[in-house]
């Protein structure tokens, strides 16, 4: 097996330096402790990221938005809203995060690896084409999808977003196109207030946005079951060339901003079933990109289980897997409602 590619650069600590914030440099340190685990020795390779250019950022973002972020360079503190700030080096760090995603996708698409994890900050899935919000400056995953299309003419990309918060920015970027199948599993109602059942896309994109809003308290079997029973057939029907994963660690049961009950074992299960889908539909090509997660313990423990699955270090037994495959996700009312709405667009759900 090829080593799993990992991006984890010290420069990501320079965003929001000396500013008290939930989205802080200690999140990077938590990831670093994961990569030092003995079980991963020799199973991953580090990839040094580059900075994205302004022209590349314009694949998703407006010129005005890019310029607003660029003008924060060298300033001690700039605010975009109550939650979203930039410090002296944030513009370059945010460009580094985007460039990290591009570099990872280059390596995977050209066959040098088939999976990897971009452990980056700031997160990105809330950033709209024209607005920074929700701790996010540039939309890392949306930009990654556009980059694949522009540079490699990739025709079909599937984005799976399993952060506790809905990825409104990714949805906005692809709401009117069938170039990308965007599927989001998230807590609802919750920040930012988007991601309800009826948000399915518009025009050519109708049916290519699939929101699975879930109430508080859902755990490992629910999320893994939805991935196995719903995302698996959807992926086989859509047949993407590559899967991008917006990986939030705030589904963790003790996350300060979440209300879900996913354990580290749950993250292993989620990863296991996503890798299974990638193997079936796109020769295993899959990239995980870090989004939220504000419990350092959650990042360490859940991040380790994600990395172990990516590196083929077995941590799950047959019984744990069969508890998911042996119970249909249709018992969840939210899933039944999603199927009722989406079966108009996807025959496989009928």
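Read-outs throughout are calculated quantities, based only on the coordinates presented, and are distinct from any laboratory measurement. What you see is a predicted model, and the numbers here were worked out from it, not measured in a lab. So basically every Cβ, Gly included, is an ideal-geometry build from the backbone, and we count neighbours across all protein chains shown.
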* How do the peptides 29-40, 275-286 rank, highest first, by the average count of neighbouring beta carbon atoms within 10 Å per residue? -> 275-286, 29-40
* Asked: Quick one: what does P(r) look like for segment 172-315 with 5 Å bins over all Cα pairs, in whole %?
  -> 2, 10, 18, 23, 21, 16, 8, 2, 0
* To do: Normalise the Debye intensity by I(0) for segment 260-350, one equal point scatterer per Cα, no solvent, then take log10 at q = 0.17, 0.19, 0.25, 0.26 Å⁻¹ and round to two decimals.
  => -0.95, -1.10, -1.25, -1.27
* Largest first and in whole Å, give the semi-axes of segment 141-201's equivalent ellipsoid, each being the square root of 5 times a Cα gyration tensor eigenvalue. => 23, 11, 9
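What number, in percent, do you get for the relative contact order of segment 4-349 if the mean sequence gap of Cα pairs under 8 Å and at least 6 apart is divided by its residue count?
Relative CO of segment 4-349 lands at 18 percent.
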* Regarding segment 8-144, what are the three Cα extents along the principal axes, ordered largest first, in Å? -> 42, 33, 22
* **Mean-position separation - Cα centroids, segment 282-350 and segment 15-65, in angstrom** => 23 Å
* GNM result for the chain, Cα springs below 10 Å: residue of 252, 294, 238 fluctuating most strongly -> 238
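How large is the translational diffusion coefficient of segment 4-349 in µm² per second when you combine the Kirkwood radius over alpha carbon pairs with Stokes-Einstein at 10 °C and 1.306 mPa s?
Estimated diffusion coefficient is 81 µm²/s.
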* Asked: Among 204, 305, 330, whose mean-square fluctuation peaks in a Gaussian network model of the chain (Cα, cutoff 10 Å)?
  -> 204
* To do: Compute the Cα gyration tensor for segment 58-206, then decide on rounded, prolate or oblate, letting a ≥ b ≥ c be the square roots of its eigenvalues: rounded whenever a/c is under 1.5, prolate when a/b is larger than b/c in the other cases, and oblate in all that remain.
  => oblate
* Structure fact -> Ranked output for segments 139-148, 306-315 by mean other Cβ atoms within 10 Å, highest leading, reads 139-148, 306-315
* Note down, for segment 183-222, the three equivalent ellipsoid semi-axes (square root of 5 times each alpha carbon gyration tensor eigenvalue), biggest first, whole angstrom. => 22, 12, 6
* Please report how far the C-alpha centroid of segment 232-281 lies from that of segment 193-216, rounded to the nearest whole angstrom. => 17 Å
* Asked: With no solvent and one point on each alpha carbon, what is the Debye value of log10 I(q)/I(0) for segment 218-259 at q = 0.17, 0.18 Å⁻¹?
  -> -0.61, -0.66
* Order the peptides 1-7, 321-327, 43-49 from the highest to the lowest mean number of other Cβ atoms within 10 Å of their residues. => 1-7, 43-49, 321-327
